[in-house]
Amino acid sequence: MSEITPVGYIQHHLTNLCVSVGDSCDDKGSFFVLHIDTLFYGWFVASLMMWIAYKVGKNLQTETPSGIQNVVEAIVEFVQQQVKDVFPGKNQLVGPLALTIFVWVFLMNAMDLVPVDLLPKIGEFFHIHSMKVVPTTDLSTTFALSLSVFALIIYYNIKVKGFLGYLKMFLFHPFGKYLIPVNIVMTTIEEIAKPVSLGLRLFGNMFAGELIFLLLAMMGGFSLLGVLPQIILASGWAIFHILVITLQAFIFMLLTIVYLGMAHQDDEEAH
């Protein structure tokens, strides 16, 4: 068995379990590459979220709510308040969408708190030799989320402003009718920046957090002398990382509300 190097250890934990149309997942000529682990863990936490919501809804108590019901109600009230404070007007989709994004992104981020070697080691018993556990460390996940939000932004821009009104935004914003070519370039960049910033911000923070966990896991050199400082540092980083994963879920949710709120403004309100 070949010796595990630090680079090999990190690459192993950051390699997706995937299938592709082509010679391999690394083949640049592949028609597409499907990340099985990203889909599995993303669907797993989504199923967990729906199961908890179903159980709480089925056993709803008005007089003596349970602990999990209190948690769910607190999250719903928190998200509802954010929507009220940020979103102009009314839209029955925005509240449930914001709640789903916040909880789902948080749960996917929280997979980062699972010990980095636990699930990959379990996977090896089933002859799974590569596994990336945190869905939000995969650009496919973060950009799928951000592009879905972007599609809603375009839809509501056209629905509220009309197609011609949406087109006018590109022609006359931000510098008026005398600089139409500049307006088109600036507004296009501004619009494209929305999904790009959403996707890259979440990916970058979660990827960096996962990388730090991997570096801490290697710090002890797999020796008993390194176990104690490794546990102390990893526990400290995990406690801090709880704030990071919550903050990233909150930022993604809040920016979604803000962008959809901007899409619901007509020309007079926007200017």
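The values are calculated or read from the model by the stated rules, or taken from the named source; none is laboratory data. The structure displayed is predicted, hence computed values, not measured ones. Every residue, glycine as well, gets a Cβ built from its backbone with ideal geometry; the counts of neighbours run over all protein chains shown.
Condition test on Leu228, is it at pLDDT 90 or above and either surrounded by 16 or more Cβ atoms within 10 Å (Cβ to Cβ) or part of a helix (DSSP H, G or I) (or both)? Explain how you work it out, then say what you get.
Details: at pLDDT 90 or above: no; either surrounded by 16 or more Cβ atoms within 10 Å (Cβ to Cβ) or part of a helix (DSSP H, G or I) (or both): yes.
It is false that Leu228 is at pLDDT 90 or above and either surrounded by 16 or more Cβ atoms within 10 Å (Cβ to Cβ) or part of a helix (DSSP H, G or I) (or both).
The number of residues in the range 113-164 being part of a helix (DSSP H, G or I), in contact with a helix residue (DSSP H, G or I) (Cβ under 9 Å, 6 or more places away or on another chain) and of a type in the set (D, E, K, R) comes to 2.
Among the residues of the range 129-148, how many are surrounded by 20 or more Cβ atoms within 10 Å (Cβ to Cβ) and more than 16 Å from His12 (Cβ to Cβ)? Quick ask: steps written out before the conclusion?
Applying the first criterion (surrounded by 20 or more Cβ atoms within 10 Å (Cβ to Cβ)) to the range 129-148 yields 131-138, 141-142, 145-146.
Within this subset, residues satisfying the condition of being more than 16 Å from His12 (Cβ to Cβ) are 135-136, 141-142, 145-146.
So the count comes out to 6.
Within the range 108-121, the set of residues being among the hydrophobic types (A, V, I, L, M, F, W, C) and farther than 16 Å from Ile251 by Cβ comprises Met111, Leu113, Val114, Val116, Leu118, Leu119.
Taking the options Ile251, Ile184, Ile189, Ile245, name whichever one is touching a Phe, Trp or Tyr at 6+ places or on another chain (Cβ under 6 Å) and at pLDDT 90 or above.
Numbers: Ile251 fails: touching a Phe, Trp or Tyr at 6+ places or on another chain (Cβ under 6 Å); Ile189 fails: touching a Phe, Trp or Tyr at 6+ places or on another chain (Cβ under 6 Å); Ile245 fails: touching a Phe, Trp or Tyr at 6+ places or on another chain (Cβ under 6 Å).
Sole residue among the options that is touching a Phe, Trp or Tyr at 6+ places or on another chain (Cβ under 6 Å) and at pLDDT 90 or above: Ile184.
The residue pairs whose first member lies in the range 37-59 and is closer than 30 Å to Val19 by Cβ, whose second member is acidic (Asp, Glu), and whose beta carbons are closer than 9 Å, counting only pairs six or more residues apart or on different chains, are Asp37/Asp138; Thr38/Asp138; Gly42/Asp138.
From the set of residues in the range 8-56 that are of a type in the set (Gly, Ala, Ser) and at pLDDT 85 or above, which is nearest to Leu119 (Cα to Cα)? Full working, then the answer.
First, the residues of the range 8-56 that are of a type in the set (Gly, Ala, Ser): 8, 20, 22, 24, 29-30, 42, 46-47, 53.
Now narrow it down to the ones that are at pLDDT 85 or above: 42, 46-47, 53.
Values: Gly42: 15, Ala46: 18, Ser47: 18, Ala53: 26 Å.
For the range 8-56, the residue satisfying everything is Gly42.
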